[in-house]
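Read through the structure below, which is laid out as C-alpha cells, and then see the notes.
The values are calculated or read from the model by the stated rules, or taken from the named source; none is laboratory data. Only a predicted model underlies this, so the values are computations on that prediction, with no experimental measurement involved. Glycine gets a Cβ as well: all are built from the backbone with ideal geometry, and neighbour counts include every protein chain shown. Surface accessibility is based on the protein's heavy atoms, side chains included, excluding ligands, DNA and RNA. Shrake-Rupley method; radii C 1.70, N 1.55, O 1.52, S 1.80 Å.
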Amino acid sequence: MDTPTTEPPHGPPPPPQRSYWSRWSKQDVFPEESFRDCSSYKYALSQTCSRLKDRLLDRSSDAYELFELPKASEVGMKKCLTWWDLIWLAFGSVVGSGIFTITGLEARDDAGPSIVISYVVSGLSALLSVFCYSEFAIEVPVAGGSFSFLRIELGDFIAFIAAGNIFLEAIVGAAGLGRSWSSYFASMINSDNPDFLRIKVSFLSEGFNLLDPIAVIVLLVANGIAMSGTRRTSFLTWITSIVSSLLIVFVIVVGFVKGNSANLVPFFPFGARGVFRAAAVVYWSYTGFDMVATMAEETKQPSRDIPIGLIGSMSMISVIYCLMALSLTMLQKYTEIDRNAAFSVAFDKIGMTWAKYVVSIIAIKGMTTSLLVGSMGQARYTTQIARSHLIPPLFALVHPKTGTPVYATLLTTITSAIVAFFSSLDVLSSVFSFSTLAIFMLMAVALLVRRYYVKDTTPRTDYIKFLICLFIIFGSCLTLAVVWNLNRKGWIEYVVPASIWFLSTLAMSFLPKYRLPKVWGVPLVPWLPSLSIGMNLTLIGSLGTVAFLRFFICSAVMLLYYLFIGLHATYDVAHQDGLGSKNEERKDNDSRVV
C-alpha cells in the first residue's frame with residue numbers, strides 16, 4: 001500500500017495575488033540591495049567608480065530584453081495591433097498642428113515656395129530614422145523602443161542618457177500639445193485673444209504666469225482613454241485620422257484648383273541655405289513615429305506589421321506635407337503669407353472664410369490624436385525603463401484588466417499636467433528638439449554597431465577598423481555641420497568633409513558584417529545609416545548655442561540622478577541576475593551528475 005504524501009502533487013499553493021493598487025511599500029519602490037538600509041547605501045556610494053566602469057562596459061541582449069525584463073510587469077501586454085492600426089497610429093501621432101503653424105512661417109521667412117523642398121529633405125531624414133527603428137522593432141519587439149535598442153548595442157549608460165531625454169520629451173511634448181490645444185480652442189471662440197481661457201497670476205514670473213486649466217483637463221482625458229485599453233485607443237485614433245485625412249485632401253484640392261502657379265516664381269528666393277534652414281524647423285512636423293515603435297510588444301506579427309505600418313505611414317505623410325506646402329504657396333505669394341495663421345488667411349483671401357474652421361478642426365483633431373498616441377508611447381517607454389530599474393520598478397506593472405501600464409501612464413500624465421498648467425514652454429522647446437535629434441542619430445549609430453560588431457564573434461582587427469571608420473564618419477559629419485552653420489562661402493570647406501564622409505563610409509562598406517537581419521533590414525548599409533547620422537547632426541547644429549547649453553544642463557541633472565540612484569539599482573539587478581543564473585547552472589550540473 002502506498003504511503004500518502006503530505007504535500008499536494010503540484011507543490012505548495014501559490015502566494016496570494018497582491019492588489020494592483022497596493023504596491024507602495026519600500027520594497028516595491030526600491031527593492032535593490034543598495035537601498036536596503038543606510039549602511040548598504042553608504043557602501044554602494046563608496047563603490048561608485050567601480051560600478052560606473054561596470055555599467056559603462058555592460059550591454060544588454062536581445063533575449064534579455066525580450067524574455068527577462070517583461071517579467072517585471074507581472075502581466076503581459078495584449079497583442080492586439082495590426083499594420084492597419086500602426087499606420088493610423090503613426091498618422092495620428094505625427095500629423096498635428098505643426099503643418100498649419102510652421103509651414104506659413106518658414107515659407108514667409110526662410111524658404112518661399114521652395115518650402116516644398118524643405119519638406120522633402122526633412123521627410124527623407126525622418127524616413128532614414130524610420131528604417132532604423134523598423135529593423136530594431138522587428139528584431140526586438142518590446143515596449144522600450146529606442147531605449148531598449150540603445151541598451152543592447154551602445155550599453156547601459158548611453159541608454160540611460162537616452163532614457164532621460166525620452167522622459168524629458170514625454171513631459172515637454174505632452175505639455176506643449178496640451179497648451180496648443182487650449183490656444184486653438186480659445187481662438188475658435190475668440191480669435192483676438194488665444195489666452196482668454198487662461199488665468200493670469202501677477203506674482204509669478206513671465207512665461208509661468210498664465211495658468212492653463214483647459215490643458216490639464218485635455219491631458220487627463222487623453223491619458224485616461226489611453227489607460228483604458230490599447231485596442232480601444234487604436235480604434236478611436238484610426239477613425240478620427242481617416243476623417244481628418246479627408247479634410248486634408250479637401251484643403252489640398254482647393255489649393256490646386258484656386259491657386260496660381262505664377263505665385264511659385266521665384267522658387268528659391270532665399271537660396272539653398274534658406275531651404276535647409278527651413279528643413280531644420282519643419283522637421284518637427286515629422287516627429288512622433290518613434291512613439292509607434294514602442295507598440296511592437298503589442299503587435300500581432302511584428303515582422304510584417306511594423307515595416308508596413310511605420311514606413312507606409314511616413315511615406316504617406318511626406319507626400320501629404322509636400323502637397324499641402326505646395327497648395328499654400330500657390331494660393332498666395334510667399335511675401336503675403338500670414339506667419340501665424342497661413343491657411344486660414346489664405347482661404348479668407350479667396351472668399352472661403354468658413355474654411356478656417358475646417359483648418360482649426362483638423363489642427364485640434366491632430367493634437368488630440370497626438371496626445372493619445374503620445375500617451376501610449378510615453379507610458380511604454382517608461383515601463384521598459386522601470387523594468388530595467390533605472391526608475392522604481394513599480395512603474396513597470398501592467399494592469400491585469402486593461403493590459404496597459406497604468407502606473408507609468410499616471411507618472412507621465414501628472415508630471416506633464418503640472419508643467420502644462422504653469423509653463424508656456426518657450427524655454428524647453430529647444431531642449432525637446434535637441435534630444436529628439438540626438439536619439440535619432442544614436443539609433444543610426446546603434447544600427448551600424450549591430451551589423452558590424454557581435455561580441456565574441458567579431459575579430460579584434462575588424463572591430464578596430466569599424467571603430468575608426470565610425471569615428472571618421474561622425475567627425476566629418478560634425479565638421480560639415482559646423483561649416484554649414486558658420487555660413488562659409490567657399491566650396492572647399494564643404495567638399496573636404498563631404499569627401500572624407502564618403503570615403504570612410506565606402507571603407508566601412510568593405511568590412512564584413514557579422515550580423516544580418518533575420519526577416520527585414522535597412523537596405524544599403526552602411527550608406528543609409530551614415531547619411532542619417534550626417535543629416536541629424538546638421539539639423540542639431542542648426543538649433544543654436546542656447547539649445548546646446550540647455551541640453552547639457554538637463555543632461556548634468558540626469559547624470560547626478562544616475563550616479564546616486566540609477567547606477568546602483570541597475571548594478572544590483574545585473575549582478576543579482578548573474579548570480580541567479582550561475583546558481584541555476586550549478587543546480588543543473590548537479591542534477592546531471594545525479
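With protein chains left intact and a 1.4 Å probe, residues in segment 147-301 average 40 Å² of accessible area per residue. Taking a ≥ b ≥ c as the square roots of the eigenvalues of the Cα gyration tensor, segment 111-186 is classed as oblate, since a/c reaches at least 1.5 and a/b does not exceed b/c. A Förster radius of 45 Å, combined with the Cβ-Cβ distance separating Lys518 from Val546, puts the computed FRET efficiency at roughly 0.55. Principal-axis analysis of the Cα atoms of the chain puts helix 545-561 at an angle of about 20° to the longest axis.
Between the C-alpha center of segment 462-517 and that of segment 220-235 there is a gap of 44 Å.
The apolar share of the surface of the chain, taken as the fraction of accessible area on carbon and sulfur atoms (1.4 Å probe, ligands and nucleic acids excluded), comes to 67 percent. Measure nothing but the geometry: give the 0 to 90° angle between the long axis through the Cα atoms of 48-57 and the longest principal axis through the Cα atoms of the chain, rounded to 10°. Once rounded, one gets 70 degrees. Calculated mean residue ellipticity, 222 nm, the chain: -22000 deg cm²/dmol, from DSSP H runs (n ≥ 4) at -39500 (n - 2.57) each, averaged per residue and rounded to 500.
Computed from Cα positions, the angle between helix 429-452 and the longest principal axis of the chain comes to roughly 60 degrees.
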